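Working notes, beginning with the structure itself.
The values are calculated or read from the model by the stated rules, or taken from the named source; none is laboratory data. Bear in mind the structure is a predicted one, so any value in this text is a computation, not a measurement. Cβ sites come from the backbone with ideal geometry, for glycine too, and all protein chains shown count toward neighbours.
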Amino acid sequence: MNIVESNQEGVVVLRVGNSRIDAASAAELRSALGAVVDRGVTRFVLDRSSVDFVDSTGLIRIDKVVQTFPTNREDAAALAGGAA
Amino acid sequence: VTSGAAPALSVTIDSRMACVGPLGEQVRTACLELGMTAGAAGEVELSVVEAVNNAIEHAYQLAEDGRVEVTLTRQGSRVRIEVRDGGRPMPAETLARVRVPRVDPADTPSLPEGGMGLYVLTQLMDAVSYESRAGKNALIMERRIDRSGPPSSTAQPSRT
């Protein structure tokens, strides 16, 4: 799972380099997002513009990370679930 | 297989999650070649991926020394996809009991850990059935080639 982090006008942007978020790559994505959350980042954009396939396992893994957010959960859910 | 027509696609993979993505892309390509819209081909791809994920996770319990065989055959105006494995059979009535996963964004955790895949494929396909005989399991899915929108009715699961 290739994830490139950048900071655009104060917002952390995580660009997913893979075209697929699936059962093979979801654990790695979850751990990468978890590492960002552990640094105290509670607002970020998950840029899925390169992603053209997400299966239910991938969706669940993203959701698990969102659920670890102590605050702004609705904002994060909206970002993670937004249209690609 | 049942019609005698040559499959448009026949692929056997090891029971490893890393093998599923490339298989999914082959399925999508085969559907496009049959004349499906990009959206419909993507829905078949997703359904096959969910079925193969289930075979690896549940039938083989994530053991990587199994095989999953996928065949895609045109049958008139429909495409028939068979996903076969040699692992543990799905418990009786599992397919018949598939229901809408409970999703509540205000609750934690909001998405269930399991049961999503079967729900997804029964929603996207026109017909879904499952059979298990002599250590061989097969999930059989059918979808109209010219349907690009939602189904006229939810796939009626059956088990033989």
Inset, instruction - With the condition kept exactly as written, say whether any residue in the stretch B:7-16 is within 12 Å of another protein chain (Cβ to nearest Cβ), surrounded by fewer than 18 Cβ atoms within 10 Å (Cβ to Cβ), assigned to a helix (DSSP H, G or I) and modelled with pLDDT of 95 or more. - result: no
Legend entry - Residues within the stretch A:18-42 that are more than 14 Å from chain B (Cβ to nearest Cβ) and either within 25 Å of B:Glu25 (Cα to Cα) or part of a helix (DSSP H, G or I) (or both), tallied: 8
Legend entry - Residues located in the stretch B:78-95, provided they are of a type in the set (A, V, I, L, M) and more than 29 Å from B:Ala8 (Cα to Cα): B:Ala92
Inset, instruction - Could you tell me which of the residues A:Val65, A:Val41, A:Val13 is β-branched (Val, Ile, Thr) and at pLDDT 90 or above? - result: A:Val13
Inset, instruction - Kindly indicate whether any position in the stretch B:18-32 is aliphatic (A, V, I, L, M), at the interface with chain A (Cβ under 10 Å from one of its Cβ atoms) and within 14 Å of the chain's Cα centre (by Cα). - result: yes
Inset, instruction - Show the residue pairs that are 6+ apart or on different chains and have beta-carbon atoms under 7 Å apart, the first residue being within the stretch B:113-130 and more than 10 Å from B:Glu142 (Cα to Cα), the second being surrounded by 17 or more Cβ atoms within 10 Å (Cβ to Cβ) and hydroxyl-bearing (Ser, Thr, Tyr). - result: B:Met116/A:Ser56; B:Gly117/A:Ser56; B:Val120/A:Ser56; B:Val120/B:Ser47; B:Leu121/B:Ser47
Inset, instruction - Hey, could you check the stretch B:33-77 for residues that are within 11 Å of another protein chain (Cβ to nearest Cβ) and surrounded by fewer than 17 Cβ atoms within 10 Å (Cβ to Cβ) and say which is nearest to B:Glu142 (Cα to Cα)? - result: B:Ala38
Inset, instruction - Provide a single number: the residues in the stretch B:1-48 that are closer than 19 Å to B:Asp146 by Cβ and among the hydroxyl-bearing types (Ser, Thr, Tyr). - result: 4
Legend entry - Count of the stretch B:33-52 residues which are under 15 Å from the mean Cα position of the chain (by Cα) and on the phi > 0 side of the Ramachandran plot: 0
Legend entry - Residues that are at pLDDT below 95 and in a strand (DSSP E or B), drawn from the stretch B:134-157: B:Gln156, B:Pro157
Inset, instruction - Could you look through the stretch A:43-63, keep only residues that are of a type in the set (D, E, K, R), away from chain B (no Cβ under 14 Å) and part of a loop (DSSP other than H, G, I, E, B), and pick out the one that is nearest to B:Glu25 (Cα to Cα)? - result: A:Arg48
